[in-house]
Each structure stands twice: as structure tokens, then as C-alpha cells.
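Below is one structure; the comments refer to it alone.
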Amino acid sequence: MFSKMPKLLIVAFLLIYLNAVLWWTLEASNPDLPKTFVMGVPAAFWYGNVWSCFILNVFIAWILSKV
Amino acid sequence: MQNGFDFVMFLFALAYFIITIGIGIYSRKLAAKGEIDYYLAGRGVGAFVNGTALTSTYFSPASFLGLPAFVFLLGYPMWWALIGIIAGMCIAGPLTAAPLRKYGPVTFTDFYCDRYEMPVLGRFIAGIPTLIAGILYIVLSIVGTAIFFVALLKLDYKTSVWISVIVVLIYTVLGGMYATTWNASVQTIIMTFAGVAAAIALVSKMGGPESYFKEILINTPKIFNVPSSPDGPPSAIMSSWIAVAGFFLTWHYGFSTMPYTIVRFFTALDEREAKKSIVWATLFAALLYSSLMIVGIGTKAIIEKYHPLVPQAVPIAQKLNKPVAIGVLALIKKKYGIGEVVDYAMIAACEAVGSSVLLGIIVAGGLSIAMSTVAGWVMAVNALIARDWMTKALKTKIAQEKPVLVARIITSIVLILCGLISMNPPALVLDLSGWAFVLIIASLGPSMVLGIWWKRATKAATIVTALLMAPATLYSWLYAKLKLGSPHKFFLNENIITPHQFYWIFVGLIIFIIVSLITQPPKEETIKKYCEDLHN
């Protein structure tokens, strides 16, 4: 019934949602996590800004461009 | 706001306009060749130019002004909305960009007409929600452009609206998609540079990253709180995780389904270039949004510490029982008549840095982002009215004989109409953007994405979903805004926060699936053409 969807696209969808849910769960269990300073800046900068925005999504875009 | 005319800032804006209008005039000869050239830049745009054009078309004043303003209002949880947008961009390549480029239509509604076998009705079923969303987006882009003109020329807001309309009119009418594609590409580089420069300047002004974030936490201790923090959330709107997820999801799906980005997939050289262009778009988006997160989180602290209007704003803030930063914005609103002055927060933060060069870069970047979006949407709307409705559906003589002339007349009418609405904008630019997104994604998104990937997607489901979701999203947003005071409150219960009424996205998807399953499946040749051949 469905067209053959590239496996990597399905994996990308899962990664995106798992990443968000993972950090929200960690934040909910430890509300101080976003403002805990790591290397001079809040942890939220590292996992929100650097990891989630830059590394994960640009990597997914790059790998999916090869599909 | 700094008083008086700033010559350095003016030079930056002047350089920007010379480049923009120059590209528009140069593109005039190319645009005049015919329909494919005017609407789709001859379908010959490479990955980098197409990707950067995608970035600047997709990102609007809702990004450059609205997102920092919302981070300023709602605190750190709003960062996840920006992450959601970028997380939506990276999946667009194989999901819709490559298949749609392979299929190769001219306009957004072509897909609905062909895939769902409704050559005339499809123009209106897909076209009406597109027109409404287009008007919302053109309005918010004119509002954004006008706000930058206020900062630049120190003119009142309403005069700035009409200057914005005239400038956009010149290069869109002259150049068509050639002009908007090449301009948009240049504009992405300018706006990304401006966003990064703003973040660096704000952080430097506060003495480096560590003292920047420490000052922010001293100024606003709750700003990094999450909804379940024992000390309470940064704002009432962010009091539940549903709100965080709602903001994340509202823009997340838009990149793959919004007409103005879909049209950019058609301009790419081929499907490989369409997919590669998504990588460039995601990279530039990551740079810009990371910068805007940093700017937004520090806006209140830096305005209250350095803005020249703070001494005058303190008594106003005390009277309003609001933070001093709101007092500064209230003063600016009073002086220049800006309808929704919170949209000015990002510029006010940059004014607080006290650098004309920075303001010049910000104004050039802001004008880039606003004008590229308005141009992208104007092209989508005039293609819809002039080509899809007047030529293909209604077969009017003038549109068939002089398509480019008609498109230019439509562009002028649309811009003037939207200029009139922009005089008194109905909401903050980000609210207008969220409204347009939910409207399009809920009413047309399922039929776009599932039409490519699900063989069972039917014409009946497309019609029912569009007819139910377009009025539902319009009504619920307006009701929540006008009756409950915020478009982010659930329209049936004001105690529940549902940003932009985002739940309609999932309601629309479920309705589409159910109606598809109970109605007649499409023809075999249609399934083969759109659900099989587009993926080979």
C-alpha cells in the first residue's frame, strides 16, 4: 500500500523525535539541566544549539542527500 | 531607540538595495522569455544557489524578528521551536523535494490536479488555503520590512509600510523568479551574516559567553526554566510540555509542504540538485537559528542594561507593572506607531550594543529576510491567480495571451492589498506565521506527502480534508486570539495551551487517512505515475 520509503528516511524521522524526547525527558527529571554551566556556557547551548541544531540535523540532511 | 539619522546604517541599506534592484533589472530580460522562465527561473538553478534561495524564502521576519521576540517573551523552551524547524528541513530532500522535482510541475496546485485527477477543482481546493496563507505571509513580511525601515530611516511605521511595498514591487514585478531566486541566494548570505554578527556583538558587549549567560540568569532567573521546573516556567504560555511540543511541531512539517518552499524544489536543475540544495539550506538555517537563539535569550538583559531609552522607560515600566525592556518597547511604539512592538525587540537589543555598523548589518540582513519572503510568496500567489486560476481553470483570454503582464498586475494588486492590512497587523509576525503554517499543513499537507508515498490516498480525502481543515484552523485561531486573548490557548478550553492550534495538523492527517480508506482508490496508472515512478 505504501511506496518503498528509503530506510534512512524512516531512521531520520525516528532520530529527530527520539532526540527531542530524550532531552525533554532529561530536562523534566532534572529541571536545572538547561542552566547547568558546562565549559562556561549553559548545557542547553551544547545539546540544543550545537548538537540538535547543527550536528544532528546537518548530518541527517547530508546523509539523506545521498539516498 | 537612537535618535536621528544614522549615515553608516544608511550606507549598508543603500548597498543592499543597489544589489537587490540591480539583480531585478538584470533579470528582466530573462524573466520575459516565458512561463517557465518567469515562474521557475528556467529550471536551471544549481544546489548552492537553490539551497540558499530556499533558506531565505523559507525564513521570514517570523524567523529574524519573531523567533528572538518569542524567546524574549517565552524563554529557553522556545529554543525547541527553532530546533523543530531545522529538524523539518533536513528530511525534506527525499520526502518531497526530490519526488516533486522529478515530477516537474510549474506551480503548487499542478500536483493536486494531476495526482488527484481534478484538473479544475484541484486548482481551487489547493489554491484557496494557499491564497489565505500567502496573504498572511506577505502581510507579516511587509510588517517586518517596515519595522526595519523604521530602524533605518526613523520614519513613522505607516510611511515605512508603503516604502516596503514599493521596493518589493519593483524587483518582483521586473524580475519574476529569476530575480527572486538570485536575490534570495544573496540575501541568505547577508541575513546569516547579520544573525551571526548580532549574536557575537551581544555576547561581546556583555564580556564573553560565560558572563553573557550569567548576566541573563541574574536579570531573568527563570529564563532557562522548563515547564516542570519547581520555580515555575519562564511564562504562562510555556507552562506545559504540550506547549513545548506544539511550538516544535508547528513549523516542523512546514518545510516539506509549504507552497513557497515547494516551488523552490521545482526550480532546481534536477532531483539530485534538489536534494543537495536541502543540505545547504539546513546548514545556513542552523547557523542563523543558533545565532537567533543566543540573541533572543539575551534580549531582555541587554536592553535593560544598555539601551539608551532605559531612563525614560523605567517610570513607564513601573506604571505598567512590566519589565523595563517592555517599557523601552512601549516608548518606541508610542514614538513610531509600530502596531506590534514586541517584534522590534531584536532590533532594540542591537541598538543597545551602540554600534552603527552592527545596526547597518542587521538592517541589511533584516530587509533581506523580509523582502525575499514577500517576493517568494508574491510569486506563489500570482502564479496561483494568474496561471492556475485565470489561465488553466477559467481560461480567460487576457491571461492566455499575456501571462507575464497579468502576473505583474496581480503582483501589484496583492502587494497593495497586503500593504493596507499591514498598517494594522492583526498579530505578532510569529503568530501570523504559525497560523499560516497550521492552515496549510492541516488542510493540504496530508494530500501532498501521502499523495507521493501512499497509493491509497484519494481525491475525496483531499477535498474533505481541505474543506474541513481550512475553516477549522481559521476559526479556532481567530476565536482563541479574539475571545481568549491569545492564539496559543486551546479554543475550547483556555486553560490548555496549544500553540497556534497545532493539533489540527494531526486531526487533518487522521481525517485524510480515514476518508481515503473508505472511498474509491485512484486509478492504477495514477498510482504508478505518482507513487512508483517518482521514487525510481
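General observations
- Cβ-based net charge around A:Lys35, under 15 Å, with every Lys or Arg adding one and every Asp or Glu removing one: -3
- For the stretch B:95-106, 3J(HN,Hα) per residue [Karplus equation, 6.51 cos²θ - 1.76 cosθ + 1.60, θ = phi - 60°, Hz, x = Gly/Pro]: 5, 10, 4, 5, x, 5, 5, 5, 5, x, x, 8
- The chymotrypsin sites (Phe, Trp or Tyr not before Pro) of chain A include none that DSSP puts in a loop with a beta carbon having at most 10 other beta carbons within 10 Å.
- Applied to the stretch B:222-234, the Karplus parametrisation 6.51 cos²θ - 1.76 cosθ + 1.60 on θ = phi - 60° returns per-residue 3J(HN,Hα) values of 8, 5, 9, 6, 9, x, 8, 4, x, 7, x, x, x Hz, with x for Gly and Pro.
- Phi-based couplings in Hz for the stretch B:489-498 (Karplus 6.51, -1.76, 1.60; Gly and Pro marked x): 8, 4, 5, 9, 7, 5, 7, 9, 9, 10
- Under 5 Å from the amide H of B:Trp454 lie the amide H atoms of A:Ser3, each residue being 5 or more positions distant or on a separate chain, with H modelled from the backbone and absent for Pro and chain starts.
- Taking the C-alpha atoms only, the angle from helix B:271-306 to the longest principal axis of chain B is near 20 degrees.
- Global form of the stretch A:17-61, assessed from the alpha-carbon gyration tensor, a/c cut-off 1.5: oblate
- 18 Å Cα-Cα reach of A:Lys66 towards aspartates and glutamates, excluding residues that sit fewer than 8 places from it in its own chain: B:Asp270, B:Glu271, B:Glu273
- Residue order, fewest to most beta carbons within 10 Å, for B:Glu215, B:Glu401: B:Glu401, B:Glu215
- Long pairs among B:Lys158/B:Lys276; B:Lys319/B:Lys481; A:Lys35/B:Lys483; B:Lys276/B:Lys489, criterion Cα-Cα beyond 32 Å: B:Lys158/B:Lys276; A:Lys35/B:Lys483; B:Lys276/B:Lys489
- Chain B, helix-only ellipticity at 222 nm - DSSP H runs n ≥ 4, -39,500 (n - 2.57), divided by all residues, nearest 500: -23500 deg cm²/dmol
- Neighbour net charge for B:Ser235 - beta-carbon separation under 12 angstrom, K R +1, D E -1: +2
- Distant-in-sequence amide H partners of A:Val41 (H built 1.01 Å from N, under 5 Å): none
- Amide N proximity, the stretch B:233-249 versus B:Lys222 label position 7 Å along Cα-to-Cβ, cut-off under 20 Å: B:233-247
- Cβ-defined net charge surrounding B:Ile385, 13 Å radius [Lys, Arg +1; Asp, Glu -1]: +3
- In terms of other Cβ atoms within 10 Å, B:Ser291, B:Ser422, B:Ser412, B:Ser229 run from fewest to most in the order B:Ser412, B:Ser229, B:Ser291, B:Ser422.
- Computed from point charges on the beta carbon alone (+1 for Lys and Arg, -1 for Asp and Glu), the dipole magnitude for the stretch B:124-281 about its Cα centre is near 120 Debye.
- Counted by neighbouring Cβ atoms within 10 Å, the residues B:Ile218, B:Ile513, B:Ile496 run from fewest to most as B:Ile218, B:Ile496, B:Ile513.
- Long-range HN-HN contacts of B:Met118 with modeled amide H, under 5 Å: none
- Where trypsin sites (Lys or Arg not before Pro) in DSSP loops with at most 12 other Cβ within 10 Å are excluded, longest remaining stretch of chain B: B:1-394
- Cross-link partners of B:Lys397 among lysines, defined as those whose alpha carbon lies under 25 angstrom from its own and excluding same-chain residues fewer than eight positions apart: B:Lys29, B:Lys33.
- Taken about its Cα centre, chain B carries a charge dipole of about 600 debye when Lys and Arg each add +1 at the Cβ and Asp and Glu each add -1 at the Cβ.
Computed from the coordinates by the stated procedures, all read-outs in this text should not be read as laboratory data. Note that the structure is a prediction, hence the values are computed from the model and not measured. When we count neighbours, we look across all protein chains shown, and the Cβ atoms used for this are built from the backbone with ideal geometry, even at glycine.
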